[in-house]
Amino acid sequence: MAQQSVTPSLSPVSLRRRLLLQLLLLAACLSVGLYAAVRLGADRASEATFDAVLGAAAGSLAEEVRVAEGGIAVDLPPATFSMLSAMGEERIFYRVDVDGVPVTGYGDLPLPELPPTALAPSFYDARYRDTDVRVAAILRSIRIEGRAAPLLVLLAETRQGQGAIAARLGNRAAVLGLGIFLAAIPFSLYFARSFLSPIDRLAEAVGRRGARDLRPLRHPAPSELQPFVTALNSFIARLRGTLSQTETFLAEAAHHIRTPLTVMRNEAELALRQSGEEETRARLRGLIRAADESARSASQLLDHATVLYRAEQADWAEVDLAKLVRDLVERFRPAAEMRDISVRLEVRGTLPTRSDPVLVEAALRNIIDNAVKYSAPDGLVEVVAEAVSGEGRVTVMDRGRGLAGVVEQGLKRRFRRGANVSDVPGSGLGLTIVEEAAQAMGGRFAIGPREGGGTCAVFSLPLL
Amino acid sequence: MRRLFAAASVRLFFGALWLALVVATTARAFEIEAVEDFGSGAQRIDVLSTTDIAYMQPVIDAYLARHPDVTLHYVVASSQEVYRAVAEEDAPFDLVISSAMDLQMKIANDGLARPLPAALMSGQPGWARWRGLLVAVTQEPVVLLLGRDALPPGVSPPTTRRELIDLLRDHPDRFRGKVATYDPAVSGAGYLFAVQDARLSDAFWRLAEVMGRLDTKLYCCSAGMIGDIAEGRMLLGYNVLGSYAPGNDADGLRIVELQDYTLTLLRTALVPQGARAPEAGAEFLAFLLSAEGQALVAEGAGLPALDADAFDRNPHLRPIRLDPGLLANLDQITRRRFLEEWRAALIQP
């Protein structure tokens, strides 16, 4: 017990929170991934598009270079430059080299690291003046003075427009990603809840059980939870084994005590009858009373053990509460009348319940026994069995000494007795038995002072 | 051995020539036509412009009335010299205004201009600005200018280049030696107009041939053409900046906007990288572009203000595109080739 109280003070790990966090993390990763992919894709696609235009422009520029009288002639096409620059107002630089010598344009425009092939323009990024440029390079042959000379045309543009397009697409993707992330939040919440709901249901099924319900758990559970359910069931089985051992032991012990007690009492009575000495007789009477008390205690222990055992069995049958009460009262009547106590029974119709007749009888016997025991001679015990709002209710009322202000909950605890009953033999188990029987069968038990003195005990079971 | 010596002497010759060139260019600063200081405030703004002081005076006066702390140092130079000052000499000017769109574009394209304030640029139409670096301050049609006695009696003014060609062909004696136009080899604006003409119209080359046959006189500047036409020495000026002409009434001059198309020059401004007070330069430019500044430019100075609606009202007006297409015209080889063609058309053997 001491070990159990040393629980770790850390708050327990929440599976739901962990699952939620992981789902959200996944969504965030997907969103970022989407942004990166679109950004990269947009960069690539727009670069390819812009390169194609730049390459075509460089090609048309190269075509304008030709040999005329007096050297190289170039007719730069202004429309090409205009169109090239149109998207994003790009800056344009160009350079024309013949035989490796700059002929016109920006003579310091950086050359490609590898000379381009003759067939297709090559593209490269370069830093020129104060800005980054994309350059298309085209190599062609040109015939000068009867020999072929290499003609290198470089056309460079800034990529402000491309950057803007890629940024715009990227931003759109970012918004989309953020939207996905936001949309993922409620979904993640829902998934986490539905994913963990079998655990909740299982916990609820276990929690809903009666205090004495030690049947194995048969609730459907997902396969991942089966080991837990199996372990729980094996634990329940062990617990039940231990309990039933204890109860069997108690019953046997009670039985073993009661038999010699009966023998002892008989012997004492015999001795009382034979003895003439007053002192010895008084002692023998004390012995007989003590034996009675012990026998009663043993019997109640047996009752209690029976109640626990049967409650655990939960072997319910259809029982008519009215008939049971009637029989029981008839059995009590002779003993009560010996003490000049009359028992009045009031039963209406039948009260069918689903319960264990042994348990019900044990409970009612204890209630009626208490009422008779604590009633003064000439007293009246009233027993009413009736159907009240869906339950069969047995009310036992007396005009006895009452409860002397002791709280109901206290009385129902084991081996606890009222403060005003020391002169009457009793074990303190009676009301415990009643309470446990009522609980085991889904019924209720209440005991309290009766108006005008005495006690009123109510035992009820749900009707069928 | 002799060959080696020859090579050495050639190299020596070129080396000397190169040295002489370097000395010449470094020694010789760009040529200034006029200088004037306005105001006497502590904040100095250096403006380099191709526009004559007289045209800018009203705007400058209005600006100084608002900013008494400013001294505006206004320098006038030709468009080539303006370009040289900025691109080669890195002269510290805070605002550069030039009518040579191609040279201004080259300055901006080559990264020699500072970005202008976004607020200043956002108000301008797309065709009147480039890349946040270059912005148009006026739009000026390039026109046909007719003198008082240009037309024979009963002949109505030509409305297209085709009609102009017919007019010149039909009256060769009347127009011989009396036709004026820019010399594209000398004038940046003239070269720009000629290139645009050649792009836009097939009639241009025929017109050049016709003008060549009539011993057309070539000018460096609009002012000279206008002066000669106003005084009757010339009858007709082709590709004249209309904004410099005194108007229809004075001296009987007639401005004709040809209906097939009329080029529209954008006078552009930029703040160069070498500016000492770029914010002040941009502020003066902002005033120039404001409604009040534009009104002063239009009414006070007689330069046409920026007016996008003008192109809707007058579909024949074609703004010269303010984009790197202009760079193609500046290419040395392209330019040389074009001028050769021009000379071949104009000067017949």
Most fluctuating residue given options B:136, B:34, B:113, as computed from a GNM of chain B linking Cα atoms under 10 Å: B:34
Test item: A:79-89 mean partner chain Cβ contacts at 10 Å: 5
Dipole moment magnitude, nearest 20 debye, region A:85-230 about Cα centre, only Lys, Arg, Asp, Glu C-beta charged: 1080 debye
Net charge dipole size for chain B [Lys, Arg +1 and Asp, Glu -1 on Cβ; Debye, nearest 20]: 1480 debye
In nm, spacing of pseudo-spin labels at residue A:444 and residue B:206 (7 Å Cα→C-beta vector): 11.6 nm
Relative contact order (percent, whole number), region A:315-464, Cα cutoff 8 Å, 6+ residue spacing: 25 percent
Cα gyration tensor shape for chain B, rounded if a/c is under 1.5, else prolate or oblate: oblate
Most fluctuating residue given options B:233, B:276, B:66, as computed from a GNM of chain B linking Cα atoms under 10 Å: B:66
Amide proton proximity set for residue A:391, modelled H, under 5 Å, gap of 5+: A:463
Theoretical FRET efficiency, 1/(1+(r/R0)^6), r = Cβ-Cβ of residue A:48 and residue A:189, R0 56 Å, to 0.05: 0.85
Which of B:53, B:226 has the fewest Cβ neighbours within 10 Å, and the rest in rising order: B:53, B:226
Within chain B, percent of DSSP bridges classed antiparallel, to nearest 5: 60 percent
Shielding by other protein chains, A:91-104, mean Cβ within 10 Å: 3
Euclidean distance of C-alpha centroids, region B:59-119 and region A:180-194, integer Å: 61 Å
Phi-based couplings in Hz for region A:213-226 (Karplus 6.51, -1.76, 1.60; Gly and Pro marked x): 7, 10, 6, x, 6, 10, 5, x, 9, x, 4, 5, 8, 4
Residue-averaged [θ]222 nm for chain B, counting only DSSP H segments that reach four residues, each worth -39500 (n - 2.57): -13000 deg cm²/dmol
Normalised contact order of region A:136-210, rounded percent, pairs of Cα under 8 Å and 6 or more residues apart: 16 percent
Residue (of A:31, B:224, A:87) at the positive-pole extreme of the protein assembly as shown, dipole from beta-carbon charges: A:31
Under 13 Å, Cβ to Cβ, from residue A:174 - net charge with Lys/Arg +1 and Asp/Glu -1: +3
Residues residue A:317 and residue A:279, FRET efficiency given R0 of 56 Å [Cβ-Cβ distance, rounded to 0.05]: 0.55
Antiparallel %, DSSP beta bridges [both residues in the protein assembly as shown], to 5: 75 percent
Value of D in µm² per second that Stokes-Einstein yields for region A:315-464, Kirkwood Rh from Cα pairs, at 37 °C (0.692 mPa s): 214 µm²/s
Neighbour-count ranking [beta-carbon atoms within 10 angstrom, fewest first] of B:284, A:249: A:249, B:284
Modelled label reach - residue A:67, point 7 Å along Cα→Cβ, region A:138-160 residues with backbone N closer than 13 Å: A:141-151
Taking B:340, B:257 and counting other C-beta atoms within 10 Å, the order from fewest to most: B:340, B:257
Difference of contour (0.36 nm per residue) and Cα-Cα distance, residue A:240 to residue A:114: 36.7 nm
Residue-averaged beta-carbon neighbours from other chains (10 angstrom radius) around B:314-324: 3
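Values quoted throughout were computed directly from the atomic coordinates according to the rules given, and no laboratory measurement underlies them. Because the structure is a prediction, the values reported are computed rather than measured. Reconstructed Cβ throughout: ideal geometry from the backbone, glycine too, with neighbour counts over all protein chains shown.
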